[in-house]
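To keep things clear, I will list the structure first and then write my remarks on it.
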Amino acid sequence: MKRLTSVIVILFAVCANAKDLPKVVILATGGTIAGSAPTEVQAGYQSGQVGVDILINAVPQLKEIADVRGEQISNIGSQNMSDEIWLKLAKRINELLGQDDVDGIVITHGTDTMEETAYFLTLVTKSKKPVVLTCSMRPSTALSADGPLNIFNAVAVAGNKDSEGRGVMVVANDRIHSAREVVKTSTTAVETFMSPLVGSLGTVNYGVVNYVDLPHKKNTYESEFSVDGLTSLPRVDIIAIYEDAPGDLIKAAVDLGAKGIVTSGLGNGNLTDACIEALQYARSKGVVVVRASRVLTGFVGRNVELDDDKLGFVASYELIPSKARVLLRLALLKTSDPTSVQEYFATY
Ligand code: DGL
């Protein structure tokens with residue numbers, strides 16, 4: 001009888017504990033975190049090789065901090081991330097966040113385009129519940145792979161009540177970043193992800209979460225953008241500006257159907273005269289032009305070294321080209337008026 005009682009007590013404790021753990025869903029898209037290489041000590045590897053259940057089983061400690069289950073959305077190197085996967089991912093996230101048995105979501109993703117996927121999701125997911133992207137710079141087979149601890153920390157952040165209402169976040173290398181601010185700053189370093197303009201939102205150290213900031217712009221549940229019913233996104237091209245840059249590629253983008261152009265300009269979003277002339281051609285075709293900068297931090301302001309009011313250009317403010325493109329694509333679903341688009345850049 002005593003044995004039966006102790007079994008019942010243990011079962012009760014296990015069930016009670018499981019009931020208390022946050023319910024986190026991991027959506028896997030591929031990337032180096034799912035990568036593998038023939039040896040533990042080589043640079044060459046193949047990303048998108050390992051499935052979500054293997055990623056979860058490689059971190060048994062997850063069971064202590066959350067009730068975790070996984071879904072495979074895709075399994076690609078994120079250099080091949082696509083509108084199709086973006087829309088599938090965003091719609092699935094919104095479905096899951098609407099369920100009472102989901103408290104938070106983690107997305108495993110390649111590092112190459114994680115900054116734009118995160119910003120896209122922070123503009124189109126509709127909940128205060130935490131959505132956290134994570135990644136790795138070393139494949140799962142590498143010596144001192146960074147993926148497992150990044151997954152553990154990302155689940156800890158996604159299951160933490162204090163993470164609610166902070167917009168979509170990126171967790172990598174013990175840092176918690178806002179989707180809007182985070183950028184990949186090194187092609188190889190484990191500490192590649194930074195938020196150079198405003199700093200990170202906080203830290204997560206072996207699952208211990210500590211916030212020091214809140215997002216600075218509208219996102220998620222406050223956003224007016226939606227993917228409901230969407231099957232495609234407007235074409236927006238980013239054009240690099242450089243010494244003596246001609247306008248050919250700008251005109252080509254317009255003729256190929258771009259509805260928006262983001263320039264990765266010089267300094268404060270500056271352009272060669274040839275590019276300005278080509279952008280006036282773009283404006284004559286109703287294409288919306290956003291001046292961003294190749295410079296990683298700072299503020300691209302209106303009417304500094306050229307007359308945005310007269311040319312009908314939009315200034316990207318703090319957004320770098322990759323993020324400016326994301327916002328412009330969503331803005332173009334609502335308007336192609338430069339003044340209205342500029343307001344979106346002040347708000348998001
Ligand atoms: N293969 C690239 C990607 O999937 C970079 C590797 C990585 O994830 O760090 O983004």
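Tabulated values for the structure
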item	result
Residue in the range 97-119 that is within 16 Å of the ligand (Cβ to nearest atom) and more than 23 Å from Thr187 (Cβ to Cβ) present	yes
Any hit, the range 150-166, residues being open to solvent by less than 20 Å² (accessible area, probe 1.4 Å) and part of a loop (DSSP other than H, G, I, E, B)	no
Verdict on Leu306 being under 23 Å from Val183 (Cβ atoms), modelled with pLDDT of 95 or more and not β-branched (Val, Ile, Thr)	no
Failed criterion for Thr141 (all others in (1) within 16 Å of the ligand (Cβ to nearest atom); (2) open to solvent by 30 Å² or more (accessible area, probe 1.4 Å); (3) modelled with pLDDT of 95 or more; (4) touching a strand residue (DSSP E or B) at 6+ places or on another chain (Cβ under 6 Å) hold)	(3)
Failed criterion for Lys259 (all others in (1) in contact with a Ser or Thr (Cβ under 8 Å, 6 or more places away or on another chain); (2) free of Cβ contacts under 8 Å to residues at least 60 places away in the same chain; (3) not small (Gly, Ala, Ser) hold)	(2)
Single residue of the range 61-96 satisfying the filter (assigned to a loop (DSSP other than H, G, I, E, B) and within 16 Å of the ligand (Cβ to nearest atom)) that is surrounded by the most Cβ atoms within 10 Å (Cβ to Cβ)	Met81
Lone unmet requirement of (1) modelled with pLDDT of 95 or more; (2) touching a strand residue (DSSP E or B) at 6+ places or on another chain (Cβ under 9 Å); (3) surrounded by fewer than 18 Cβ atoms within 10 Å (Cβ to Cβ); (4) not in a loop (DSSP other than H, G, I, E, B) for Asp101	(4)
Residues of the range 1-38 classified as part of a loop (DSSP other than H, G, I, E, B), within 30 Å of Asn80 (Cβ to Cβ) and either at pLDDT 90 or above or open to solvent by 40 Å² or more (accessible area, probe 1.4 Å) (or both), total	2
Pair list, Cβ under 9 Å, 6 or more apart: the range 95-114 residue closer than 18 Å to Gly77 by Cα, other residue among the aromatic types (Phe, Trp, Tyr) and more than 7 Å from the ligand (Cβ to nearest atom)	Thr111/Phe193; Met114/Phe193
Complete set of residues in the range 39-50 that are in a loop (DSSP other than H, G, I, E, B) and either closer than 15 Å to His109 by Cβ or open to solvent by 80 Å² or more (accessible area, probe 1.4 Å) (or both)	Glu40, Val41, Ala43, Tyr45, Ser47, Gly48, Gln49, Val50
All positions within the range 204-219 that are in a strand (DSSP E or B) and buried (at least 16 other Cβ atoms within 10 Å of the Cβ)	Val204, Val209, Tyr211
Ser47, sole failed condition from (1) within 16 Å of the ligand (Cβ to nearest atom); (2) at pLDDT 90 or above; (3) among the small types (Gly, Ala, Ser)	(2)
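Per-residue answers, yes or no, for (1) open to solvent by less than 40 Å² (accessible area, probe 1.4 Å); (2) part of a helix (DSSP H, G or I); (3) of a type in the set (Gly, Ala, Ser):
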{"position": "Leu279", "(1), (2), (3)": "yes, yes, no"}
{"position": "Ala282", "(1), (2), (3)": "yes, yes, yes"}
{"position": "Gly286", "(1), (2), (3)": "no, no, yes"}
{"position": "Arg302", "(1), (2), (3)": "no, no, no"}
{"position": "Lys323", "(1), (2), (3)": "yes, yes, no"}
{"position": "Ser336", "(1), (2), (3)": "no, no, yes"}
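The values are calculated or read from the model by the stated rules, or taken from the named source; none is laboratory data. What you see is a predicted model; the values in this text were computed from it and never measured. Cβ sites come from the backbone with ideal geometry, for glycine too, and all protein chains shown count toward neighbours. SASA here: full protein model, heavy atoms, side chains in, ligands and nucleic acids out. Shrake-Rupley method; radii C 1.70, N 1.55, O 1.52, S 1.80 Å.
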